[in-house]
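Report on the following structure.
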Amino acid sequence: MTQATQNPVDIINARVPGYKDLQMLLVNQERIIEQILPMATVKADSRASVIDVAGDWISLGGVDLQINGALGLAFPDLTDENAHIIQKITQFLWDVGVDGFLPTLVTTSVEKIQRSLAVIGDIIPSQKTGAKILGVHLEGPFLNYQKRGAHPAEYLLPLTIDEVKRVLGDYAHVVKVITLAPELDPTGEVILYLRSLGITVSLGHSQATSAQAQLAFELGATMVTHAFNAMPPLHHREPGLLGAAITHPDVMCGFIADGEHVSPTMLQILLRASYQEKGLFLVSDALSPLGLLDGVYPWDSRQIEVKNGTARLADGTLSGTTLPLLVGVQNLVKWGICDVETAILLATDAPRQAIGLPGIAKSQPANLLRWHWDEATKELTWQRLWG
């Protein structure tokens, strides 16, 4: 089968994450999934081309809810003059298995935030190819100074409705997720306001206690940004933000699986303690050198050094990765932390669930990945099924 083929397609003998036994996926000529049915219950469509995947896994592409840039462009540096690079980035992300993403704007000036929001807001309606921009993730500027990490202190702002309105300006409709430290607003009125705008609230870069986190969840916060990072560690007498989150059935935590942000052992504890793909999702947290070689690169007014896919400031502060999202899937399996099915779900269905999008199912676009587990080499590889 070639990319130009537009006949109906029957994909047979497929393992589909979240489904039992081998499945058949019926895909129509518009590349829409018409049915996902057990192999034993259906007959192939005689009009259709047949792809026998021989027990390989079939999934949707990944969704990255925290990615700061790629190909040398940091999303907070977007302007009308460099906006053309976004098309190259969306194609690059598509090529590394990502169907959709939230360009993430880290803490910077209000002017730069609004400039980037304006550019992205203009791009979203005109997207035709590549990974789709699903909205923006504002990671700041309403963060706790003590847990700011690599975020520049001079641009942090108090968490009030007036300051939120000032940052969002006319672009609230472009913002899908905002990361904030809930302890900065003991009243909780900001979370209620953001939820009234349809913005998903994620807690992060925070010193919140378990009680403060629980209050934020009761008010409508439903996510946590990069679990373990930029928050107090788990403690047996004060479980803190993370402890409150991973035991809450309606909260999902993003996490990074590069082996540097969180050790594989702690990731294993995280998956065992949480609801796995029902309570967790993978993010890349990739910075602008994603897609480039290791080296030293500009990052706002500073520089970051990238070595083996890990980015740090000059003082050693961990600032992000340059590894694509699906490398995290492969790492989880390679480290023996979870099985192939769970790892795939954590990068494909789980992030969709976190922002209210459906996973693989009838009527979804068939932007499909084929995953192969090689029992001899113990390697998990993937490829796009077409396109």
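The values are calculated or read from the model by the stated rules, or taken from the named source; none is laboratory data. Remember, it's a predicted structure, so these values are computed and weren't measured experimentally. Cβ coordinates were reconstructed from backbone atoms using ideal geometry, including for glycine residues, and neighbour counts include every protein chain displayed. Remember, those area values only see protein heavy atoms, side chains included, never the ligands or the DNA or RNA. Shrake-Rupley method; radii C 1.70, N 1.55, O 1.52, S 1.80 Å.
Descriptive notes on the structure:
- Here residue 364 and residue 145 are evaluated by their C-beta separation; at R0 = 45 Å the FRET efficiency comes out at 0.60.
- Euclidean distance between Cα centres, the stretch 367-384 to the stretch 161-181, Å: 40
- For the stretch 170-283, a crude dipole built from +1 on the beta carbon of Lys and Arg and -1 on the beta carbon of Asp and Glu, taken about the Cα centre, is about 260 debye to the nearest 20.
- Sites residue 95 and residue 235, calculated FRET efficiency, Cβ-Cβ separation with R0 41 Å, nearest 0.05: 0.45
- Farthest positive-ward along the chain dipole, Cα basis, beta-carbon charges - from 197, 368, 290: 368
- Taken about its Cα centre, the chain carries a charge dipole of roughly 380 debye when the Cβ of each Lys and Arg holds +1 and the Cβ of each Asp and Glu holds -1.
- Shown here for the stretch 298-387: GluC sites (Glu not before Pro) in loop regions (DSSP other than H, G, I, E, B) with at most 12 other Cβ atoms within 10 Å, namely 375.
- Low-density loop positions, trypsin sites (Lys or Arg not before Pro), the stretch 4-102 - DSSP coil, at most 11 other Cβ in 10 Å: 20, 43, 47
- Heavy atoms of the protein chains alone define the surface here; on that basis the stretch 247-292 has 37 Å² accessible area per residue at 1.4 Å probe size.
- Cα centroid separation, the stretch 200-256 to the stretch 72-95 (Å): 31
- Applying both filters, DSSP loop and at most 16 other Cβ atoms within 10 Å, to the trypsin sites (Lys or Arg not before Pro) of the stretch 333-387 gives 362, 378.
- Dipole of the chain [Lys/Arg +1, Asp/Glu -1 at C-beta], most positive-end residue of 353, 206, 6: 6
- Listed residue (83, 159, 319) projecting farthest to the positive dipole end of the chain, Cβ model: 83
- Charge dipole (debye, nearest 20) of the stretch 1-106; +1 at Cβ of Lys and Arg, -1 at Cβ of Asp and Glu: 340
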